[in-house]
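The values are calculated or read from the model by the stated rules, or taken from the named source; none is laboratory data. Computed from a predicted structure; not experimentally measured. Here the Cβ is made from the backbone with ideal geometry for all residues, glycine too, and neighbour counts use every protein chain on show. These area figures cover heavy atoms from the full protein model, side chains too; ligands, DNA and RNA do not enter into them. Shrake-Rupley method; radii C 1.70, N 1.55, O 1.52, S 1.80 Å.
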Amino acid sequence: MSTFKAPKGTYDLLPPESAKYLAVREAIAAPLRNSGYGYIETPGFENVELFARGVGESTDIVTKEMYVFETRGGDRLALRPETTASVLRAVLEANLHKAGNLPVKVWYSGSQYRYERPQKGRYRHFSQVGAEAIGAEDPALDAELIILADQSYRALGLRNFRILLNSLGDKECRPVYRAALQDFLHGLDLDEETLRRAEINPLRVLDDKRPEVQKQLTGAPLLGDYLCDACKAYHEEVRSLLLAQGVTFEDDPKLVRGLDYYTRTTFEFVHDGLGSQSAVGGGGRYDGLSEMIGGPSLPSVGWALGVDRTVLALQAEGIEPDIPSATSVFAVPLGEEARRILFAKVTELRKNGVAADFAYGGKGLKAAMKAANRSGARYALVLGERDLAEGVVQLKDMESGEQTAVGVNEIVAELESRLG
Ligand code: ATP
Ligand code: MG
């Protein structure tokens, strides 16, 4: 062990476990690629102001969780705590929204950084795959995103998750509700911090996980009762599109995303095998965000799914994602000349798309066969002195244990035909 350890709240992805993370990212990305979403990548850090404005000054993310630093050049930057604001910044900067063809549909995959209290499913470095559809107000777009997330989870084999759905209204009806909620909250027995939150961002109080707070919230006014006709109609359309596609969801009138920019459709994917860190992903419509960061009006919708928690959800359901064995053929040379010949064969196999590996380090037969076993390879190629003299190589089927001598010049074709 070295003197150093991974920083608090972080962990390393190591093989073979790391293959699950790739499989999860791939499973989430596949339906997006198939639905008109293009890949976008933005820097891991941004001007701190982007998040302060884009995520919201009053959110936990900005007030407590952001990694902020000053560069040698005097810029104030922050490691990204989420990627929606970055994506919108990038789209506006490149004028993608002006190229016609709205909505701009993009997906991303990458690390996020939040200074949180580490616990199972809650880390300081984690990763998300996300999707954003920018510049269109259309209930079918909201439905599309929810359907695609549902499809990814189902493709991974997950079953014990639920979709919670709500509408947060818009700039017409939300302020009326906000005032009514504030009135209600003023009459409760709340601690100072929560009272302050009630002043700045009362909807976030609904999101408080503490049971003593939740108990007091029974009877709180619900946004659903305050929605204007346009928001009500929009929400009904999203719901019926989902129902028509057989996507089941639960109406959750208390579901809020505390960020100021969220409007109308809001949703969360929760998994019932994860304990208190149960949200595996979330998203919604953010019609106001573009204007908040200095852009034009661009109604948009998106989600971010947490890769780490999705892997935990797979474990909770006992699902092993389909991960093909990394190596199909493992070569075991005995002696210098055998080494050169098999190295050439391995290179040729790889060029032909066969996953192959090699016993490096001049191992003896026993250690080399152990390595072949560990690699998970279906076939081992063993080349010894006598084989060399006879111009053959021993092809061992690692499943049946059966061994056949195959001509050195035929071995690549033989393996290709056996592996299909
Ligand atoms: P929570 O309420 O659990 O803090 P959140 O509302 O902060 O979640 P979002 O910002 O909506 O989460 O991020 C979307 C997803 O990213 C979450 O559903 C979760 O899967 C994942 N995620 C968020 N924060 C963390 C974290 N600290 N560690 C691991 N995954 C996280
Ligand atoms: Mg959080």
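Of all the criteria given as (1) more than 16 Å from ligand 2 (Cβ to nearest atom); (2) of a type in the set (S, T, N, Q); (3) free of Cβ contacts under 8 Å to residues at least 12 places away in the same chain, the one not satisfied by T42 is (3). Quick one: is Y286 open to solvent by 10 Å² or more (accessible area, probe 1.4 Å) and of a type outside the set (D, E)? Criteria not met by Y286. Would a scan of the range 100-107 turn up a residue that is at pLDDT below 95 and either in contact with a Phe, Trp or Tyr (Cβ under 8 Å, 6 or more places away or on another chain) or open to solvent by less than 20 Å² (accessible area, probe 1.4 Å) (or both)? No, there is no match, as no residue in the range 100-107 is at pLDDT below 95 and either in contact with a Phe, Trp or Tyr (Cβ under 8 Å, 6 or more places away or on another chain) or open to solvent by less than 20 Å² (accessible area, probe 1.4 Å) (or both). Taken over the range 220-259, the criterion of being open to solvent by 70 Å² or more (accessible area, probe 1.4 Å), farther than 21 Å from D150 by Cα and in a loop (DSSP other than H, G, I, E, B) is satisfied by Y226 alone.
With the requirement that a residue be surrounded by 10 or more Cβ atoms within 10 Å (Cβ to Cβ) and of a type in the set (A, V, I, L, M), what does the range 1-20 give you? The answer is L13, A19.
Which numbered condition trips up G73, out of (1) within 13 Å of ligand 1 (Cβ to nearest atom); (2) open to solvent by 40 Å² or more (accessible area, probe 1.4 Å); (3) over 22 Å from I40 (Cα atoms)? Evaluating G73 over (1) within 13 Å of ligand 1 (Cβ to nearest atom); (2) open to solvent by 40 Å² or more (accessible area, probe 1.4 Å); (3) over 22 Å from I40 (Cα atoms) leaves (1) as the failure. Being open to solvent by less than 30 Å² (accessible area, probe 1.4 Å), in a helix (DSSP H, G or I) and within 13 Å of ligand 1 (Cβ to nearest atom) narrows it down to one of A85, A131, A90, A143, so name that one. Going through A85, A131, A90, A143 in turn, the sole match is A85.
Would the range 292-308 turn up any residue that is part of a loop (DSSP other than H, G, I, E, B), farther than 30 Å from R154 by Cα, in the same structural domain as N95 (by TED's automatic domain parsing) and touching a Gly at 6+ places or on another chain (Cβ under 6 Å)?
There is at least one residue in the range 292-308 that is part of a loop (DSSP other than H, G, I, E, B), farther than 30 Å from R154 by Cα, in the same structural domain as N95 (by TED's automatic domain parsing) and touching a Gly at 6+ places or on another chain (Cβ under 6 Å).
Criterion first (in the same structural domain as Q128 (by TED's automatic domain parsing), over 17 Å from W107 (Cα atoms) and modelled with pLDDT of 95 or more) does V24 satisfy it? No, not satisfied.
Counting only residues that are touching a Lys or Arg at 6+ places or on another chain (Cβ under 8 Å) and at pLDDT 90 or above, the range 206-219 holds 1 of them. Contact map, the range 259-278: residues that are at negative phi paired with residues that are charged (D, E, K, R), Cβ distance under 6 Å, separation 6+ or inter-chain. Pairs shown: T263/D170; T263/R285; T263/D287; T265/D142; T265/R285; T266/R257; V270/R162; Q277/R122. The residue list E57, E132 contains one member that is of a type in the set (D, E, K, R) and at pLDDT below 95, which is E57.
Within the range 59-70, restricting attention to residues that are more than 14 Å from ligand 2 (Cβ to nearest atom) and either of a type in the set (D, E) or in contact with a helix residue (DSSP H, G or I) (Cβ under 6 Å, 6 or more places away or on another chain) (or both), which residue is most open to solvent (accessible area, probe 1.4 Å)? In this case the residue turns out to be E70.
For the range 147-177, the tally of residues that are within 17 Å of the chain's Cα centre (by Cα), assigned to a helix (DSSP H, G or I) and either within 14 Å of ligand 1 (Cβ to nearest atom) or among the charged types (D, E, K, R) (or both) stands at 5.
Can you confirm whether K215 is assigned to a helix (DSSP H, G or I) and not assigned by TED's automatic domain parsing to the domain that holds K254? Yes: the conditions hold for K215. Report yes if Q245 is at pLDDT below 95 and of a type in the set (S, T, N, Q), otherwise no. Judged against the criteria, Q245 is not a match. Here A198 meets the list (1) without any contact (Cβ under 8 Å) to a residue 60 or more places away in the chain; (2) outside any helix (DSSP H, G or I) almost entirely, failing just condition (2). For the condition away from ligand 2 (no atom under 15 Å from the Cβ) and not acidic (D, E), V91 qualifies. Considering A304, A326, the condition of being at pLDDT below 95, in contact with a strand residue (DSSP E or B) (Cβ under 9 Å, 6 or more places away or on another chain) and open to solvent by 10 Å² or more (accessible area, probe 1.4 Å) is satisfied by A326 alone. For the range 72-118, a residue qualifies if it is under 15 Å from the mean Cα position of the chain (by Cα) and of a type in the set (S, T, Y), and the qualifying residues are T83, T84, Y108, S109, S111, Y113.
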